[in-house]
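One structure below.
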Amino acid sequence: MSDEASPEPDVPPLLAKAMAAKEATLDEARPKAVARQHARGRWTARERIAALFDPGTFVEYGQLAQPQIRSLGDAPADGLVMGVGLVDGVSVCAFTYDYTVMGGSQSPHNHRKVDRMMEVAERNRWPVIFWSEGAGARATELYYASGTVTTFIQLAKMSGLVPIVTILSGPSFAGQANIAGTSDVVIATRDSTMGLSGPPLVRSATGEDLTPEELGPMSLHERTGTVELVVEDEAEALQTARRYLSYFTDVAAPPPPVAHDQTPLRSIVPENPRRAYDVRKIVATLADEDSVMELRPLFGRCLSTSLCRIAGHPVGVLANNPMFGAGAIDAEGSAKFSRFVELCNAYDLPLLFLCDTPGFMIGTAAEKSAIVRHSARTLVALSTADVPILTVILRKAYGLGYYAMGCDALDPDLYVGWPTAEFGGMGLEGAVNIVFRDELEAAPDEATERQIRDRRVAEWKERNTGLEYARSFLLDDIIDPAETRDLIARLLATFPTPARREGRKHPIDPW
């Protein structure tokens, strides 16, 4: 028997034709398109897929799709590469629009591709990543021969069922922006742009002649909370998306937890309630090293919302930030609060409240922001939550703001305070001004009035300290701030693993 390898049998003509058609969609067959995309500082669609998935695991759907109107010419995969594969051994479904194909536009056939893939993802409970770059509908193919697509309603139905991430890279307008708005989290490169409609349609409808950067820059969307996280480039966007999924799945499994020195917590909160501090330093100290991901950091800055790990346990942290409005929760903070509670509850993450608030924001500006309605949203979100709640009163626990920040009425699984904790139905000085108004008004001079006020405030403060509340068992305990992490970690270890659900608990409010 000859040692020479047998020649490969001839490839049948039909197979050869199909293989050639598929090879024509790959980057190797499109060097000019690849060069143009690289010149823009962007990865190609297939480079994104290769960077995301474990090698050799990606299964593509719809590679041979072409435009509904074939006279438009060749359009590899009809401008959308999609499929499922493994990311660190975890099944993930991904879509990426191909800007080199008709500007990444959405067409009847690539919408159908998304619809088909979303049905399979929903059935199998696969997390979803959309990598978005494009300007919405393809103007040359606005007629949908097979009827209205279901892309956007399917995304809405999957909200809260599986994690949905959108990465923005380059311009993302109209339909691409609609996808971002329905996602759990939006991660954007700093030089990307987004808008509900692109510049040409805006110009036609309103007369405004704007560039994409003028219409929807990331500096705007970061401030308004439209995007959760802004990063420098696509590599960081991908890394951030993997980190985000790691709080809900086994993607990007973290290294063994490393704890920070906890002793600085003993002095980080000033005893003077008028002095501010950055609560994010407390979150970073409590959490495992390099495990904190703060969402919407420039929006609703009175409140910090972060995903992190404590001794390896994923947890969502809501913390009042006295650096902004003394920690009073305004309308933006209320929206941020409500959506974060829904996000964590949908995927069974425990909630840790770090409370230091004088209440919800008051005054004419607050009323103009509809604070009455926005503040109520926090309570509605909390009323549906069935995850463990752990509350630590750092300092001020006043009014309805304290009520929302994990008070005893919510029956938290842990309810403790630091030595600086103090309580009140409203700010103690305001309460003294109301209750002792006659006494204050009878004072012969301002100095005497100030002495009376200071004495009454001190009396009330002494009765409403965390220590007095603990003595009356209105708190579980007053704890050493340096022992907070250890206490939380031990309690988190006791909670049972949530059972797999057949359906979703609830959708996640886009706002």
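Residues 202, 186: which one is touching an Asp or Glu at 6+ places or on another chain (Cβ under 9 Å), without any contact (Cβ under 8 Å) to a residue 40 or more places away in the chain and of a type in the set (A, V, I, L, M)?
The match here is 202.
Which pairs have Cβ atoms under 7 Å, sit 6 or more apart or on different chains, and link a residue in region 15-43 that is touching a residue at least 24 places away in the same chain (Cβ under 8 Å) and part of a helix (DSSP H, G or I) to one that is surrounded by 12 or more Cβ atoms within 10 Å (Cβ to Cβ) and acidic (Asp, Glu)?
34/27
Check every one of the helices (runs of 4 or more DSSP H) wholly within region 239-351 and list those with 2 or more residues that are at pLDDT 95 or above and within 19 Å of the chain's Cα centre (by Cα).
Of the helices (runs of 4 or more DSSP H) lying wholly inside region 239-351, those with at least 2 residues that are at pLDDT 95 or above and within 19 Å of the chain's Cα centre (by Cα) span 279-286, 331-346.
Which one of these is touching a helix residue (DSSP H, G or I) at 6+ places or on another chain (Cβ under 6 Å) and buried (at least 16 other Cβ atoms within 10 Å of the Cβ): 180, 188?
It is 188.
Would you mind telling me which numbered condition in (1) in contact (Cβ under 8 Å) with a residue 40 or more places away in the chain; (2) exposed (fewer than 15 other Cβ atoms within 10 Å of the Cβ) residue 228 fails?
(2)
Can you pull out every residue in region 57-113 that is among the hydroxyl-bearing types (Ser, Thr, Tyr) and touching an Asp or Glu at 6+ places or on another chain (Cβ under 6 Å)? Even if it seems obvious, please write down each step before you answer.
Of the residues in region 57-113, the ones among the hydroxyl-bearing types (Ser, Thr, Tyr) are 57, 61, 71, 91, 96-97, 99-100, 105, 107.
Listed by number, the residues that qualify are 97, 99, 107.
Among the residues of region 80-103, are any assigned by TED's automatic domain parsing to the domain that holds residue 164, in a loop (DSSP other than H, G, I, E, B), within 23 Å of the chain's Cα centre (by Cα) and over 21 Å from residue 182 (Cβ atoms)?
yes
Kindly provide the set of residues from region 418-462 that are of a type in the set (A, V, I, L, M) and either modelled with pLDDT under 75 or in contact with a helix residue (DSSP H, G or I) (Cβ under 7 Å, 6 or more places away or on another chain) (or both), ordered by number.
Answer for region 418-462, where residues must be of a type in the set (A, V, I, L, M) and either modelled with pLDDT under 75 or in contact with a helix residue (DSSP H, G or I) (Cβ under 7 Å, 6 or more places away or on another chain) (or both): 421, 426, 428, 431, 432, 434, 435, 440, 443, 452, 457, 458.
Out of 370, 381, I need the residue that is under 21 Å from residue 301 (Cβ atoms) and surrounded by fewer than 19 Cβ atoms within 10 Å (Cβ to Cβ). Which one?
Unique residue meeting the criteria: 370.
May I ask you to say which residue of 132, 172, 159, 107 is touching a Ser or Thr at 6+ places or on another chain (Cβ under 8 Å) and either under 15 Å from residue 81 (Cβ atoms) or basic (Lys, Arg) (or both)?
Answer to the check: 132.
Filter region 464-500 for residues that are over 34 Å from the mean Cα position of the chain (by Cα), assigned to a helix (DSSP H, G or I) and not acidic (Asp, Glu) and give the result.
Of everything in region 464-500, those that are over 34 Å from the mean Cα position of the chain (by Cα), assigned to a helix (DSSP H, G or I) and not acidic (Asp, Glu) turn out to be 467, 469, 470, 471.
For region 46-79, what are the residues that are in contact with a Leu (Cβ under 7 Å, 6 or more places away or on another chain) and assigned to a helix (DSSP H, G or I)?
Of everything in region 46-79, those that are in contact with a Leu (Cβ under 7 Å, 6 or more places away or on another chain) and assigned to a helix (DSSP H, G or I) turn out to be 46, 51, 52.
Could you check residue 141 against (1) modelled with pLDDT of 90 or more; (2) buried (at least 21 other Cβ atoms within 10 Å of the Cβ) and say which number it fails?
(1)
Can you name the residue in region 1-14 that is under 24 Å from residue 77 (Cα atoms) and not in a helix (DSSP H, G or I) and is also modelled with the highest pLDDT among such residues?
Step by step, filter region 1-14, then rank; the result is 12.
Mind listing just one residue for me: the one in region 26-55 that is farther than 25 Å from residue 250 by Cβ and among the basic types (Lys, Arg) and, of those, surrounded by the fewest Cβ atoms within 10 Å (Cβ to Cβ)?
32
If you take the residues in region 221-238 that are outside any loop (DSSP other than H, G, I, E, B), of a type in the set (A, V, I, L, M, F, W, C) and within 17 Å of the chain's Cα centre (by Cα), which one is nearest to residue 337 (Cα to Cα)? Explain how you work it out, then say what you get.
Of the residues in region 221-238, the ones outside any loop (DSSP other than H, G, I, E, B) are 221-224, 229-231, 234-238.
With the extra rule that they be of a type in the set (A, V, I, L, M, F, W, C), the set shrinks to 229-231, 235, 237-238.
With within 17 Å of the chain's Cα centre (by Cα) added as a condition, the list becomes 229-231, 237-238.
Details: 229: 16, 230: 20, 231: 23, 237: 24, 238: 26 Å.
Only one residue tops the list, namely 229.
Could you identify the single residue in 258, 315 that is farther than 23 Å from residue 417 by Cα and either surrounded by 24 or more Cβ atoms within 10 Å (Cβ to Cβ) or of a type outside the set (Ser, Thr, Tyr) (or both)?
Details: 315 fails: farther than 23 Å from residue 417 by Cα.
Testing whether each residue is farther than 23 Å from residue 417 by Cα and either surrounded by 24 or more Cβ atoms within 10 Å (Cβ to Cβ) or of a type outside the set (Ser, Thr, Tyr) (or both) leaves just 258.
Could you tell me whether any residue of region 54-72 is on the phi > 0 side of the Ramachandran plot and either hydroxyl-bearing (Ser, Thr, Tyr) or touching a residue at least 24 places away in the same chain (Cβ under 8 Å) (or both)?
yes
The values are calculated or read from the model by the stated rules, or taken from the named source; none is laboratory data. Predicted model, so just to flag it, every value in this text is computed and none were measured. Ideal geometry is used to build each Cβ from the backbone, glycine not excepted, and the neighbour counts take in all protein chains shown.
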